[in-house]
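A.B. asks: To start, I am sharing the structure in question, which I have written as structure tokens.
The values are calculated or read from the model by the stated rules, or taken from the named source; none is laboratory data. These numbers were taken from a predicted model, which means no experiment stands behind them. Using ideal geometry, Cβ is built from the backbone for each residue, glycine included, and neighbour counts are taken over all protein chains shown.
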Amino acid sequence: MKPSSNSLFRGGTLGVLALLVGALYNCGGTEPPRALPTPATGLPPHAAYLAQSPSRLVVSAQSLVSPLAAGPADTISLTGYVAPDPRRERQVAARVGGRIERLYARYNYQYVTQGQKLLDLYSPELNTALAEYQYLLAQGSDADLIRRARTRLLLLGLSAAQLTSSGKGLVPTVPIVSPYAGYVVPGEGAAAAPMPAPGGMASGAGMGGDAGMGEGQALAAPAVLPAPATSLLREGDYVERGQPLLRINDLRQVWGLLAVEARYVARVRAGQRVLLRSELAPGQVLEGRVAYVEPALAPNQKLLQVRVYLPNPEGHLKINSLLTGTLEAPAPAGLQLPAASVYDLGRRRLVWVYRGPTAGGHRLFEARAVRTGPLGGPMVAIRGGLAPGEKVARNAGYLVDSESFIDLQP
């Protein structure tokens, strides 16, 4: 019996629906897992690097560098200023209380001679003791009483010459004279000169040459120093017994306060030789030694302050004048590499260690983390992670892909 056209149409429709249902089922289902590729095995030794991570091994034709067992001493550049030596300060204090009627030492760094009047003081206590002494002299009293009254006045700050002149009559004020010769310097709390930032901290130029501290060496710009502070004393002020009035320093020896970058802290020691020049006499070289290395960094700066004692008998070194100089720091112990061979990742440093040649005649390098000393100079001290016989790439930065992760090997 011949099938009708309606039967054929229904059969075709059912077939199409079956195909659609099968397609939808396959789309919603999960794909069976595929087998992962297995690592390559059986590679020849010279091609084993092909199976390694591309972030750890690099093929390059770059030249090689061998670490040095010891390097030359570094010439560290110094910048600083002249400051008074506080050990040479002498203090003039009030031995009696009273009121300042006249002030003769009116500003800081004013030079005073020994015996020069500093101020006229009206003191009821001193005038009472002086009147008692004059009365005993006029009455011809017991010599022991006169001696005791005289000793009391001497202890209150009067000199023998003042006692001789005061015997003629009472005076309303008593002059206070300087027992020392020197300059009136600011007291405690006065603003100090800011520490200039060092320029060119590692330089081999040395002290030679006529143009400053050496060719190619950058000097720090002069710091803006504060104006000398005026004296805290004023005419009409009242002072108490024991109150410090003035500080006097002869400035025959001064301090050179010099800035050293923090990365050189471990290499600066007391006793090291320092060569300095003053901005006031650039043609004269001053020689000294590091006397003291301060245990704290300068305020708000990553600078270490070292102290050099400088003789100043003629007064040529002026307070707050700038100093520039050099210090010979010994080379750090251990291996050293050129700075370009060490790549700084922030918290880590790496070198590219030579692993051998490739089949194509190139060189194979492996990234390795190393422990280093301070960075910034022409050479970097290697304190761990590299053996003396190993070689590294000359320029580590050329082998680093900035968008890849460096797989460091310990």
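A.B. asks: Identify all residues within region 109-130 that are surrounded by 20 or more Cβ atoms within 10 Å (Cβ to Cβ) and either modelled with pLDDT of 90 or more or of a type outside the set (A, V, I, L, M) (or both); write none if there are none.
C.D. replies: VAL112, LEU118, LEU119, SER123
A.B. asks: I'd like to verify a number: residues in region 235-257 that are touching a strand residue (DSSP E or B) at 6+ places or on another chain (Cβ under 7 Å) and in a loop (DSSP other than H, G, I, E, B), how many?
C.D. replies: Looking only at that region, the number is 7.
A.B. asks: Another question, if that's okay. Would you point out the residue of region 166-191, among those that are buried (at least 17 other Cβ atoms within 10 Å of the Cβ) and of a type in the set (A, V, I, L, M), that is modelled with the highest pLDDT?
C.D. replies: VAL184
A.B. asks: Report every pair of residues separated by at least 6 positions or lying on different chains whose Cβ atoms are under 6 Å apart, first residue within region 119-133 and outside the structural domain of LEU155 (by TED's automatic domain parsing), second of a type outside the set (Asp, Glu) and at pLDDT below 85.
C.D. replies: Taking only residues 6 or more apart or on different chains, not a single pair turns up.
A.B. asks: For GLN91, only one of the following conditions fails: (1) exposed (fewer than 15 other Cβ atoms within 10 Å of the Cβ); (2) closer than 21 Å to TYR354 by Cα; (3) modelled with pLDDT of 80 or more; (4) of a type outside the set (Phe, Trp, Tyr). What is its number?
C.D. replies: Every listed condition holds for GLN91 apart from (2).
A.B. asks: Still on this structure: When you look at GLY115, is it among the small types (Gly, Ala, Ser) and touching a residue at least 60 places away in the same chain (Cβ under 8 Å), yes or no?
C.D. replies: Considered against the rule, which asks whether it is among the small types (Gly, Ala, Ser) and touching a residue at least 60 places away in the same chain (Cβ under 8 Å), GLY115 comes out as yes.
A.B. asks: Continuing with the same structure: In region 115-147, which residues are of a type in the set (Asp, Glu), under 60 Å from the mean Cα position of the chain (by Cα) and not in a helix (DSSP H, G or I)?
C.D. replies: Passing the criteria: only ASP120.
A.B. asks: With the requirement that a residue be closer than 26 Å to VAL82 by Cα and crowded, with 19+ Cβ neighbours inside 10 Å, what does region 322-342 give you?
C.D. replies: LEU322, LEU323, THR324, GLY325, THR326, LEU327, ALA329
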